Amino acid sequence: QVQLMESGGGLVQPGGSLRLSCAASGSISSFATMGWYRQAPGKQRELVATITWNGNTNYADSVKGRFTISRAYALNTVYLQMNSLQSGDTAVYYCKYNRGLEVWGQGTLVTVSS
């Protein structure tokens, strides 16, 4: 079993920054791909960013240059640094673990508003 726990969401003004964390526990493989996804009200869940076991990253066009995904292997934690936040970034952000088995976290709400 793999468990994921996201944290770091909250209310931020446009142009501000937040850092999300996703701590993994349980039967974790260091070869898993980890990712962040988000779901805004009334919309489908979409990819934000992923990072492979060897550090290759992939970003949605809408966040390129503003968001950075990283992972701390020793802590089994993945981060999402979000800068220059916009109202369109408001969503519930989910962490996903993928090593054949897909596991989702419970989500953390990010609200960008003045």
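The values are calculated or read from the model by the stated rules, or taken from the named source; none is laboratory data. Owing to the predicted nature of the structure, the values given are computational and were not obtained by experimental measurement. Note: ideal-geometry Cβ built from the backbone for every residue, glycine included; neighbour counts use all protein chains shown. Ligands, DNA and RNA are stripped out before the accessible areas are found, and what is left, the full protein with its side chains, is counted by its heavy atoms. Shrake-Rupley method; radii C 1.70, N 1.55, O 1.52, S 1.80 Å.
What is the distance, in nm, between label points placed 7 Å from the Cα along the Cα-to-Cβ direction at Leu75 and at Arg19?
Each label point is offset 7 Å from its Cα along the Cβ direction, giving 0.7 nm.
Cut-off 10 angstrom, C-alpha nodes, Gaussian network model of the chain. Which of Ile69, Ile51, Ile28 fluctuates the most?
Ile28
In whole Å, largest first, what are the principal axis extents of the Cα atoms in region 73-114?
Largest to smallest, the principal-axis extents are 39, 20, 13 Å.
Kindly report, to the nearest 10 Å², the accessible surface of Tyr97 as traced by a 1.4 Å probe over protein heavy atoms only.
The accessible area of Tyr97 comes to roughly 10 Å².
Would you compute the Debye intensity of the chain from its alpha-carbon atoms alone, equal scatterers and no solvent, and pass along log10 I(q)/I(0) at q = 0.22 Å⁻¹ to two decimals?
-1.22
Any chance you could run the full-extension gain for Met5 through Lys43? It's 0.36 nm times the residue separation minus the Cα-Cα distance, nm to one decimal. Display every interim value, and only then the final one.
On the way: separation 38, 0.36 × 38 = 13.68 nm, distance 2.29 nm.
This chain segment gains 11.4 nm when fully extended.
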